[in-house]
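To keep things clear, I will list the structure first and then write my remarks on it.
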Amino acid sequence: EKNNRHVVYATERVADAYRLTSNFEEAAKWYAKAIEKGTTHSLVWLNYGQVLRSMGQYSQAIEQFQKYAQLNPSDPRGKLYAEYSAEVQQWSKPEFNFTLYNAEAINGPYSEFSPVYLNDGIVFTSDRMNKSGEKRFGWTGAYYLDLWYAPLSQVEPGIPAVPGKPSIYSSQLSMPYHDGPATFSKDGKTMYYTVVERKAGDLDSSRYYTNKLKIFSSLLEDGKWSEPRAFFLNNDAWSVGHPALSDDQNTMYFVSDMPGGFGGTDIYAVQRNGESWANPVNLGAEVNTFGNEMFPFSFQDSVLYFSSDGHPGLGSLDIFKTTGKGQDWSKPENLKAPVNSAADDFGYVLKADGTEAMLSSNRPGGKGEDDIYMVQITERLPEFVWLEGEVKDLASGNSLPNSHVFVLDRSTNEVTVLITDSEGKYQIKVPAGSRVFIKGMKSGYEADCHNVALEVGSKNEHHTVADLMLSAYTVDQIFRLENIYYDFNKWNIRPDAAMELEKVVTFLNDNPEISVELGSHTDARGSDNYNEKLSQRRAESAVEYIKTKGINPKRISAKGYGEKKLVNRCGNGVECSEEEHQQNRRTEIKITGTARSEEELTQHPLDIYKDNQILELKDFKVDFFNACHQGDTDQPL
């Protein structure tokens with residue numbers, strides 16, 4: 001048993017070592033082994049959950065956090081981290097498009113992080129080797145942190161500027177141990193930066209010492225930085241670091257673990273009073289949590305970006321945004337992927353125009369520990385658009401509930417069936433930039449249609465379609481049939497006339513409640529008696545053709561009008577052109593009844609289509625989506 005305790009202890013330490021050096025895969029393996037070997041330390045489950053969370057394995061992380069919450073119910077982290085891991089899986093996409101580029105020229109096998117824009121380049125913090133023989137930091141074996149500078153150059157339009165070869169920023173500012181990160185005034189002539197100081201005992205003989213973060217400042221005078229000066233808030237009992245100046249230089253944000261905070265490290269603000277500073281103010285519980293808030297960045301004096309492991313996030317440290325001042329701040333907004341990842345993401349800074357940014361991350365795929373990434377920011381255009389419209393009665397303007405709306409996507413030939421609600425309204429979600437054909441139909445009404453071509457690149461997520469105005473069919477309403485031609489002095493149905501008569505068949509099939517008269521008309525040439533008989537034969541011939549297509553004979557009758565209903569001046573003896581005579585030689589259908597029998601009521605063609613039904617264009621008749629028109633009289637069918 002004693003040996004097993006030692007094995008468990010050693011297993012836990014190995015897991016911790018991998019976690020603290022961000023080797024999460026190995027850490028997860030060793031924490032699982034510690035649990036398998038019977039560890040009784042509840043922190044193992046918490047750390048295991050954090051490791052899984054940092055790997056993006058949120059479902060498995062939830063299990064470990066819930067176990068930790070059972071073992072240690074007084075610690076809120078177990079329950080909260082389980083909730084956070086569940087929440088991130090339901091997140092929507094961010095407001096903007098963020099494209100990340102690894103700043104390869106300045107990233108190496110060690111850490112590069114917390115970049116800031118300065119003039120035509122960037123200043124960043126790194127533990128790369130500064131000079132031969134430089135001492136290394138005992139915990140990681142890396143060199144001490146220093147401030148480095150790299151020029152920026154625009155290589156390709158639309159792509160963030162690329163940093164060039166880095167060099168040490170200023171040997172005048174280097175302190176014995178860690179230096180950085182830094183912040184600069186807008187004119188670049190004042191700098192505040194973080195410095196690590198060691199305290200306790202004889203540093204050469206003692207194994208034990210304490211590192212404290214402190215803030216120092218320097219002024220650029222005659223091209224040289226002045227001797228660094230300690231900030232008034234520095235204290236040997238707690239850390240003060242990560243300074244960030246507002247654009248107007250009147251507010252400095254910083255991070256501290258001073259007494260009276262909400263968690264590990266909190267963000268504070270201090271206001272400038274002339275040449276001095278006021279007392280610091282904690283940003284409050286909306287921003288600061290039981291965890292660690294750090295790496296603040298002020299943008300346009302009212303927006304603050306920072307990193308935290310205490311707010312809902314994708315991993316250990318995530319980048320957040322809040323707006324406000326003093327202690328009045330909005331609920332922090334997670335910037336989501338790809339700005340954030342399952343790893344540590346921090347040190348976010350924006351260019352003044354808001355189109356480019358930089359951040360630090362130890363996410364997989366980098367070149368070393370922490371890498372710097374350049375970020376391109378573009379407005380996110382909607383992937384889908386809501387089309388919203390209404391179906392109305394043309395004559396009264398009243399809405400028409402329970403109407404059918406057919407939406408044809410021209411790119412896919414897919415048809416969505418919609419049924420209007422109690423207010424005659426409908427809506428449908430379609431891909432942005434779609435071209436659709438919308439047809440509104442209702443029993444007893446003539447259909448109305450709209451072509452809708454959505455603007456490519458539009459920011460509008462809602463588009464209101466013009467009302468579909470349906471005209472009720474009425475007795476004596478007349479529709480003209482185009483291109484019904486007969487051979488001279490004959491009445492048989494030619495193939496070209498048959499194609500036009502098929503429209504009548506479709507109309508009657510679509511509207512089983514309607515009965516019609518098919519009327520044939522001639523011009524005024526020839527005797528009245530002859531023209532009347534000829535038109536009657538032609539009308540009867542057309543009706544017989546329609547009956548062969550399955551139309552109930554009771555619903556259609558034939559009437560030859562001869563030259564009784566001329567549409568122009570071309571009566572007997574009037575000299576007219578052939579085009580004018582052709583206007584009178586026409587075929588029309590006239591509605592003679594609109595009553596539906598009970599049998600027909602249960603068999604209306606629209607009844608087969610259900611709300612939100614998805615069909616293919618081939619499921620409809622060929623002419624179903626041909627142009628349709630509002631219900632004016634005497635118009636093409």
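Do you know which residues across region 350-373 are within 12 Å of P160 (Cβ to Cβ) and not in a loop (DSSP other than H, G, I, E, B)?
L350, E356, A357, M358, L359, I372, Y373
Looking at region 147-183 only, could you name the residues that are assigned to a loop (DSSP other than H, G, I, E, B), of a type in the set (S, T, N, Q) and either loosely packed, with under 15 Cβ neighbours inside 10 Å or at pLDDT 85 or above (or both)?
Of everything in region 147-183, those that are assigned to a loop (DSSP other than H, G, I, E, B), of a type in the set (S, T, N, Q) and either loosely packed, with under 15 Cβ neighbours inside 10 Å or at pLDDT 85 or above (or both) turn out to be Q154, S170.
Do any strands (runs of 3 or more DSSP E) entirely within region 231-302 hold 2 or more residues that are open to solvent by 50 Å² or more (accessible area, probe 1.4 Å) and over 17 Å from W329 (Cβ atoms), and if so, which?
Filter on region 231-302 gives 266-273.
Return the residues of region 461-485 that are open to solvent by 30 Å² or more (accessible area, probe 1.4 Å) and either closer than 18 Å to H404 by Cα or assigned to a strand (DSSP E or B) (or both); say none if nothing qualifies.
H462, H463, T464, A466, D467, M469, A472, I478, R480 - these are the residues of region 461-485 that are open to solvent by 30 Å² or more (accessible area, probe 1.4 Å) and either closer than 18 Å to H404 by Cα or assigned to a strand (DSSP E or B) (or both).
In region 377-396, which residues are assigned to a strand (DSSP E or B) and open to solvent by less than 40 Å² (accessible area, probe 1.4 Å)?
Scanning region 377-396 gives I377, V385, L387, G389, E390, V391, D393.
For every residue, the table says whether it meets (1) among the polar types (S, T, N, Q); (2) on the phi > 0 side of the Ramachandran plot; (3) at pLDDT below 95.
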| residue | (1), (2), (3) |
| --- | --- |
| H242 | no, yes, no |
| D247 | no, no, yes |
| F254 | no, no, no |
| R272 | no, no, yes |
| A278 | no, no, yes |
| E293 | no, no, no |
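Could you give me the residue pairs with C-beta distances under 8 Å whose first residue belongs to region 34-48 and is within 25 Å of D309 (Cα to Cα), whose second residue is basic (K, R) and part of a loop (DSSP other than H, G, I, E, B) wherever it lies, and which are 6+ apart or on separate chains?
Close Cβ pairs satisfying both conditions: none exist.
Picking from A86, A27, A10, which residue would you name as being of a type in the set (A, V, I, L, M, F, W, C), buried (at least 19 other Cβ atoms within 10 Å of the Cβ), without any contact (Cβ under 8 Å) to a residue 60 or more places away in the chain and at negative phi?
A27
Among the candidates K331, K321, which residue alone is without any contact (Cβ under 8 Å) to a residue 60 or more places away in the chain, within 21 Å of L100 (Cβ to Cβ), within 22 Å of the chain's Cα centre (by Cα) and open to solvent by 50 Å² or more (accessible area, probe 1.4 Å)?
K321
How many residues does region 102-119 hold that are open to solvent by 20 Å² or more (accessible area, probe 1.4 Å) and touching a Pro at 6+ places or on another chain (Cβ under 6 Å)?
1
The values are calculated or read from the model by the stated rules, or taken from the named source; none is laboratory data. In this text the structure is predicted, and so the values were computed from the model without any measurement. When we count neighbours, we look across all protein chains shown, and the Cβ atoms used for this are built from the backbone with ideal geometry, even at glycine. Heads up: the accessible areas ignore ligands, DNA and RNA and are worked out on the full protein's heavy atoms, side chains in. Shrake-Rupley method; radii C 1.70, N 1.55, O 1.52, S 1.80 Å.
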